[in-house]
1. When you check I130 against the structure, is it among the aliphatic types (A, V, I, L, M), crowded, with 18+ Cβ neighbours inside 10 Å and closer than 25 Å to A45 by Cα, yes or no?
2. Considering only residues that are part of a helix (DSSP H, G or I) and either among the small types (G, A, S) or closer than 24 Å to N73 by Cα (or both), which ones fall in the range 20-46?
3. Return the residues of the range 78-100 that are touching a His at 6+ places or on another chain (Cβ under 8 Å) and in contact (Cβ under 8 Å) with a residue 40 or more places away in the chain; say none if nothing qualifies.
4. Given the criteria assigned to a helix (DSSP H, G or I), in contact with a Lys or Arg (Cβ under 9 Å, 6 or more places away or on another chain) and under 17 Å from M21 (Cα atoms), does D112 qualify?
5. With the structure loaded, tell me whether K127 is in contact (Cβ under 8 Å) with a residue 60 or more places away in the chain and either more than 22 Å from M21 (Cβ to Cβ) or within 18 Å of the chain's Cα centre (by Cα) (or both) or whether it fails that test.
6. Of the residues that sit in the range 41-90 and are over 18 Å from the mean Cα position of the chain (by Cα) and among the β-branched types (V, I, T), which one is farthest from I102 (Cα to Cα)?
7. Kindly provide the set of residues from the range 54-77 that are in contact (Cβ under 8 Å) with a residue 24 or more places away in the chain, assigned to a helix (DSSP H, G or I) and surrounded by 13 or more Cβ atoms within 10 Å (Cβ to Cβ), ordered by number.
Amino acid sequence: AENGKMQPYELFNRGFADYLMTQEGLAMYNVEKQRHIPFSTNDKALCHVIAIDSALKSSFQKTFDKLISLGINKQQAFRSCLKAKRGLGDTSKAGAFTKDYIYYKGHKQVVDYVNEGGNITDLYIGKLNIEDLKKLEKIKGLAKPRVLPKWLK
């Protein structure tokens with residue numbers, strides 16, 4: 001957000017369309033780098049992703065049963081189901097609270113971008129979606145990001 005304020009266009013501060021997924025993914029990526037713990041080893045987060053996917057298609061009970069069948073302990077399975085079904089009036093129906101999924105999907109988006117040779121520093125220019133980076137090449141006068149996480153300096 002601070003780097004976006006330094007840009008000549010307010011859009012970088014306010015946010016491009018669909019910027020949230022990339023920005024939340026970038027936040028998760030930063031935590032991963034600072035803690036030196038790969039997301040792929042975070043069983044709790046992976047359990048949440050599976051729960052959200054299942055909950056979108058089925059009930060609380062079926063989602064819980066699926067997690068148990070995958071070897072997830074009852075307590076973690078229950079917590080992940082609660083998180084996936086929170087805010088829904090009838091948990092016997094398909095549906096899920098998907099905000100957490102956006103974080104995880106954004107993280108994958110950032111990891112893929114970096115693994116494909118993308119410059120991670122470009123993502124700190126302001127509130128944008130990775131897809132917007134191609135358009136930025138045409139904009140003159142953009143400031144380089146000055147506020148960066150410690151692990152990147």
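The values are calculated or read from the model by the stated rules, or taken from the named source; none is laboratory data. Source: prediction; values computed, not measured. Note that we place each Cβ from the backbone using ideal geometry, even for glycine, and neighbour counts take in every protein chain shown.
1. On the way: among the aliphatic types (A, V, I, L, M): yes; crowded, with 18+ Cβ neighbours inside 10 Å: yes; closer than 25 Å to A45 by Cα: yes.
Yes: the conditions hold for I130.
2. Quick first cut of the range 20-46, residues part of a helix (DSSP H, G or I) only: 20-35, 39-41, 43-46.
Selection gives G25, A27, F39, S40, T41, D43, K44, A45, L46.
3. If we filter the range 78-100 for residues that are touching a His at 6+ places or on another chain (Cβ under 8 Å), which is where we start, we get 80, 83-84, 100.
D100 - this is the single residue of the range 78-100 that is touching a His at 6+ places or on another chain (Cβ under 8 Å) and in contact (Cβ under 8 Å) with a residue 40 or more places away in the chain.
4. Numbers: assigned to a helix (DSSP H, G or I): yes; in contact with a Lys or Arg (Cβ under 9 Å, 6 or more places away or on another chain): no; under 17 Å from M21 (Cα atoms): yes.
The answer is no for D112.
5. On the way: in contact (Cβ under 8 Å) with a residue 60 or more places away in the chain: yes; either more than 22 Å from M21 (Cβ to Cβ) or within 18 Å of the chain's Cα centre (by Cα) (or both): yes.
For K127, the condition - in contact (Cβ under 8 Å) with a residue 60 or more places away in the chain and either more than 22 Å from M21 (Cβ to Cβ) or within 18 Å of the chain's Cα centre (by Cα) (or both) - is met.
6. I68
7. Initial filter on the range 54-77 (in contact (Cβ under 8 Å) with a residue 24 or more places away in the chain): 54-61, 72, 76-77.
Remaining after also requiring assigned to a helix (DSSP H, G or I): 54-57, 60-61, 76-77.
Residues satisfying the conditions are S54, A55, L56, F60, Q76, A77.
Yes/no matrix, rows are residues, columns are (1) small (G, A, S); (2) at pLDDT below 95; (3) at positive phi:
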{"site": "K66", "(1), (2), (3)": "no, no, no"}
{"site": "G71", "(1), (2), (3)": "yes, no, yes"}
{"site": "S80", "(1), (2), (3)": "yes, no, no"}
{"site": "D90", "(1), (2), (3)": "no, no, no"}
{"site": "G95", "(1), (2), (3)": "yes, no, yes"}
{"site": "Y104", "(1), (2), (3)": "no, yes, no"}
